[in-house]
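Encoded as structure tokens, the structure appears first; notes follow it.
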Amino acid sequence: MTTTPSPAPQLRARFDAAGGKPVYVQRMFGRIAGVYDLMNRVMTGGLDGRWRRFAAQQIALGPGQTGLDIGTGTGDLAITLARVSAPSARVVGVDFTPEMLELGRKKIGKLGLAKRVELVQGDGERLDFADNSFDACCSAFVVRNLADIEHGFGEMLRVVRPGGRVVCLEMSHPYNPLFSAGFHLYFDRIIPLLGKLIGRSAEAYTYLPTSVTSFPDAPALKGIMERAGWRDVRYWYRIGGGVAIHYGVKPAR
Ligand SMILES: C[S@@+](CC[C@H](N)C(=O)[O-])C[C@H]1O[C@@H](n2cnc3c(N)ncnc32)[C@H](O)[C@@H]1O
């Protein structure tokens, strides 16, 4: 049984036309890769960096440990995790969009982090890594894009060692009705406009608000993580619930 809610009808039509959600998502990020980082900074007023830092701190790696960043894109969360971790810790970032990875590798090279952060191409829902091979796993703005969210968290659980941790930074649903109205106005009207002007893709930036509409709220996402096998699951809100950061631990054997 899948616990991933059905997409909004307008998104289902786009997924069907592309040959499925993963193909649609991959093509879309391939098209916007060049403006992705800039759009993030503009859309969030630079707050995305703070959210990634807070998320990374929850799973900071000790000496010699290795972390995995699912849907790493241009590598921002993987880089942040390396920076908040011990100098001998390593981070592997996995993503299925080559255009995003190429930009990420250039960025990592310029930052002198190539020995500590490696980006590889792969599917976050079918991870090509052995069981229990990472100390921690993270993702930022990714699980909303997965075809089956519970399965995705199950794959993360499989590759993380017993006692290892997961953190998930994602868009969510504001809990304050007044804030929610302003948030939706910004999300549904301003962001697609910014996407058209800066990102040259109104379509990609209408996908963003529409994909959040059908995404589970923070308590429901906690339930999905627990069903996937994560324990001690908790979450923190940012910007009045518009963003949520979930954390969990893999049970010891
Ligand atoms: C919104 S971007 C987030 C990038 C990065 N995590 C960040 O914090 O900026 C979503 C990324 O997830 C990737 N992605 C989505 N579904 C994926 C999957 N099933 N397997 C691998 N990558 C996936 C996309 O290619 C894209 O690069």
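FYI, it's all coordinate maths here, none of it is from the lab. The structure presented is a predicted model; accordingly, all values stated were derived computationally and were not measured. Here the Cβ positions follow ideal geometry from the backbone for every residue, glycine too, while neighbour counts run over all protein chains shown.
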Packing-based ranking, highest mean first, of 177-189, 220-232 given that Cβ atoms within 10 Å are counted: 220-232, 177-189
Long-range lysine pairs (8 or more apart or interchain), the chain, Cα under 26 Å: 7
Nonlocal amide H pairs with Leu68, under 5 Å, H built at 1.01 Å: Val92, Ala136, Cys137, Cys138
Expected 222 nm ellipticity per residue - DSSP helices of 4 or more, -39500 (n - 2.57), all of the chain, to 500: -14000 deg cm²/dmol
Note, ³J(HN,Hα) from phi for the stretch 7-21, Karplus 6.51, -1.76, 1.60, rounded to Hz, x at Gly and Pro: x, 4, x, 5, 6, 4, 4, 5, 4, 4, 5, 7, x, x, 4
Chain lengthening between Glu125 and Gln10 when straightened (0.36 nm per residue, less Cα-Cα): 39.0 nm
Phi to ³J(HN,Hα) by Karplus 6.51 cos²θ - 1.76 cosθ + 1.60 over the stretch 42-59, Hz, x for Gly, Pro: 5, 5, 9, x, x, 5, 4, x, 5, 5, 4, 5, 4, 4, 4, 4, 5, 10
Magnitude of the charge dipole, the chain, Cβ model with Lys/Arg +1 and Asp/Glu -1, debye to 20: 600
Translational diffusion coefficient (Stokes-Einstein; Kirkwood radius from C-alpha pairs) of the stretch 39-141 at 20 °C, 1.002 mPa s, in µm²/s: 158
Under the Karplus curve 6.51 cos²θ - 1.76 cosθ + 1.60, θ = phi - 60°, whole-Hz ³J(HN,Hα) for the stretch 103-114, x wherever Gly or Pro sits: 5, x, 4, 4, 4, 5, x, 4, 7, x, 10, 4
q = 0.10, 0.12, 0.13 Å⁻¹: log10 I(q)/I(0) that the Debye formula gives for the stretch 112-253, counting C-alpha atoms only: -0.40, -0.57, -0.66
Relative compactness, the chain, computed as alpha-carbon Rg over 2.2 N^0.38 Å: 0.95
